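Q: The structure is given below, and queries will be raised subsequently.
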Amino acid sequence: MFLRDEDDEARRVEKLTRISNVLVDRIDRLEESRGSAWSMFQAAVALEQEVQVRTRELEQALADLSERNRELAVARALAEEANRSKTRFLRAASHDLLQPLSAAKLFLSAFKDTSLDELQTELADRLAGAFESVEELMHAVLDISRLDSQRIEFQRKPVDLGDLFRRLAIEYAPMAEAKGLKLAFAPTSAVVESDPTFLRRIAQNLVSNAIKYTDQGGVLIGVRKRGGRAWLEIMDTGIGIAATDRSRIFDEFQRIGREGGAPGMGLGLSIVRRACAKLGHPIAMDSEPGRGTVFRVSLPLIGPRAEASRRVAEHSGPSLRGRVALVVENDDAMRRAYQLILHDRLGMVARVTGGIPEALAQMGDDPPDVLIADYNLDNGDTGLKAIRELRIAAGQPVPAIIVSARRDPEIGRASLELGVPVLEKPIRPEDLQAMLHHMLA
């Protein structure tokens, strides 16, 4: 009886122990669960605080970036306006800058036509060289300014490369002869599409560079036709360009070769690169140090001009002697220079006036053979207005030339509508004579 009671008691104790262990285990698990949830809650709170901090920092960064963007936009707008102002200033000032230079060159040309002793001839040649350097620098600055403008407009039209070659031959023959070089232009009938003014500047810079960097041999200019393209090629036997220099020669103020060698400011090829890029004319170069260089400019080919018509234009130009030119020019020095060139050199009858009213009074009953008008006249008048009024007074479309130092697309378009060519300042007497021959042919 006693043993049975002890067994029952042992079983009850064992059962209670098991129940107790289960309860303890449940309590432990509950505590663990409660601790994990609390940790998670604390982590969530900490993460939320971190997100808030990062969000505030991001918002501040975005605000700073927005402010910087506004500052950059303002700075860019100011820079663009400054660049436009610079371009407008240079365009407006070009007339006043080139006017005295143009007059000086015409006076010097008239002076060289007189009897000069050896010293006077040398001084005249040195003055001519100085004027050419000043003109080159001024044109380079104006060209770079215009090409850097975002609003540049080109006057694309057919350009006869044969005519361009003849003008370049006349222009650069003295330079080549002075160095004892042979300057040759291969005959061509190619007509391409480009801006005549800038294509001529491209060719001028390449030919001038070729002569400057060639000491013996010569320079050959020609055209190769490939498909629908005409490749203008300027080849020289000069010092060549090393591979390490080929990437920098198109930058401003970069010159190659020996010290004290070729003169210049190192702007020519920079203008070539800018103009070719704006016009869409690919440019290529091959060179070998000590053996020469060839530059190639790819131009869209239009078609040939008949050789017969070119020969007629070359050889049937009339004499200018006795022909009447009515000039409208508001600058005293330029009026006197026109008289010397037109009358004394070309043998023409020069009626030189200072404005539209005086020109109308000089018209008389016998219209002139040609009108020459400066674009910028007094009292807000322009050469185009002068030509219109003089043609009305004459009752016929008298051949006319506009002379301008401003390379303004508006002037080009307005002149084209009137059928009037533009002669840029500073005027070369040879260019004026060639244009008069062409106008009166």
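Q: Across the range 362-372, in residue order, what do the Karplus-derived ³J(HN,Hα) couplings come to in whole Hz, using 6.51 cos²θ - 1.76 cosθ + 1.60 with θ = phi - 60° and x for Gly and Pro?
A: Going residue by residue, I get 6, 4, x, 8, 10, x, x, 7, 7, 10, 10 Hz, with x marking Gly and Pro.
Q: Could you work out the relative contact order of the range 377-434, using alpha carbon pairs under 8 angstrom and six or more residues apart, expressed as a whole percent?
A: It rounds to 30 percent for the range 377-434.
Q: Distance in nm between label sites at ASP332 and ARG229, each 7 Å beyond Cα in the beta-carbon direction?
A: Distance between label points: 5.5 nm.
Q: Quick one: if you stick a label point 7 Å off each Cα along the C-beta vector at LYS157 and VAL45, how many nm between them?
A: 8.5
Q: Which links in LYS182/LYS212; LYS105/LYS385; LYS157/LYS278; LYS182/LYS278 stretch past 21 Å when you go from one Cα to the other?
A: LYS105/LYS385; LYS182/LYS278
Q: Under 5 Å between amide H atoms, partner at least 5 residues away or on a different chain: which partners does ALA230 have, H built in plane at 1.01 Å?
A: LEU299, LEU301
Q: Give me the distance between the Cα centres of the range 156-210 and the range 333-355, rounded to whole Å.
A: Centre-to-centre (Cα) distance: 29 Å.
Q: Once label points are set 7 Å from the Cα along Cα→Cβ at both ASP25 and LEU72, what is their separation, rounded to one decimal in nm?
A: With each label point 7 Å from Cα toward Cβ, the separation is 6.7 nm.
Each value in this text was obtained by applying a stated rule to the coordinates, not by laboratory testing. Values in this document were obtained by computation on a predicted structure and should not be read as measured data. With ideal geometry, Cβ positions are generated from the backbone for all residues, glycine too; neighbour counts draw on all protein chains shown.
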